Amino acid sequence: MKKSKKQNIVILVVVVAVIVGIVSYNYSAEQTRQEGFVFGNELEKIQTDVKELQTQFYSKKSQWEEGTITQDELFLHYEQHVEKFENIISQYDNLVPPESFQSAVDLLRLSSQTQLDSDVQYIEWMKTGDESFKIRSDSQYQESLEYEMSGLVEYYSAKTGIQP
């Protein structure tokens, strides 16, 4: 009878340990999912802000070409654009990505920084008429797109668990 009681206690301890392990694993997995969800939303917000800012950037140039704003107003907007863009880029530093998403964040940040550099060159071209600024702007814009595409591939690979 003593042996049976010991066996029951051992079985009970094993069952409790398994249950605690399952609960802990599920809790940890849920925490990770929630952190990933929050991170994904924050990253998406930054990317949306960048796209909206770029839309405004080119919209102001169109307004100037149409004569609805002056050149001074255009350059004032462009000055504000650079400040806003720098603030948006700094938001990447506040992200806390899961480890598997870090390379995606790095590439998307690099894409945004390269886009800003392109915009600065574009503004200089608008101010000076010097084609070398336009050429650098175009080149940096192309790099920015490449970084963004690579960042998105990294992001979706990490999200699905498939490594590129």
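The values are calculated or read from the model by the stated rules, or taken from the named source; none is laboratory data. Fair warning: this is a prediction, and the values are worked out from it, not measured in the lab. Cβ atoms come from the backbone with ideal geometry, glycine included; neighbour counts cover every protein chain shown.
Worth a mention:
- Residue check: Ile162 meets all listed conditions (1) under 13 Å from the mean Cα position of the chain (by Cα); (2) outside any helix (DSSP H, G or I) but one, namely (1).
- Within the stretch 54-92, the set of residues being touching a helix residue (DSSP H, G or I) at 6+ places or on another chain (Cβ under 6 Å) and under 18 Å from Leu110 (Cβ atoms) comprises Phe85, Ile88, Ile89, Gln91, Tyr92.
For every residue, the table says whether it meets (1) more than 22 Å from Thr114 (Cβ to Cβ); (2) modelled with pLDDT of 90 or more; (3) of a type in the set (Asp, Glu).
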residue	(1), (2), (3)
Ala17	yes, no, no
Tyr25	yes, no, no
Glu30	yes, no, yes
Gly36	yes, no, no
Phe39	yes, no, no
Leu43	no, yes, no
Gly67	yes, yes, no
Asn87	no, yes, no
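- In the stretch 121-160, the residue that is surrounded by the fewest Cβ atoms within 10 Å (Cβ to Cβ) out of those that are in contact (Cβ under 8 Å) with a residue 60 or more places away in the chain and under 26 Å from Pro98 (Cβ atoms) is Lys159.
- Qualifying positions in the stretch 45-85 - surrounded by fewer than 12 Cβ atoms within 10 Å (Cβ to Cβ) and closer than 18 Å to Glu124 by Cα: Tyr58, Ser59, Ser62, Glu65, Thr70, Gln71, Asp72, Glu79, Glu83
- Test for Thr114: is it surrounded by fewer than 17 Cβ atoms within 10 Å (Cβ to Cβ) and hydroxyl-bearing (Ser, Thr, Tyr): no
- For the stretch 90-111, the set of residues classified as surrounded by fewer than 17 Cβ atoms within 10 Å (Cβ to Cβ), in a helix (DSSP H, G or I) and not hydroxyl-bearing (Ser, Thr, Tyr) consists of Gln91, Asp93, Asn94, Glu99, Gln102, Asp106, listed by residue number.
- From Glu146, Glu83, Glu154, residue being of a type outside the set (Phe, Trp, Tyr), in a helix (DSSP H, G or I) and under 14 Å from the mean Cα position of the chain (by Cα): Glu154
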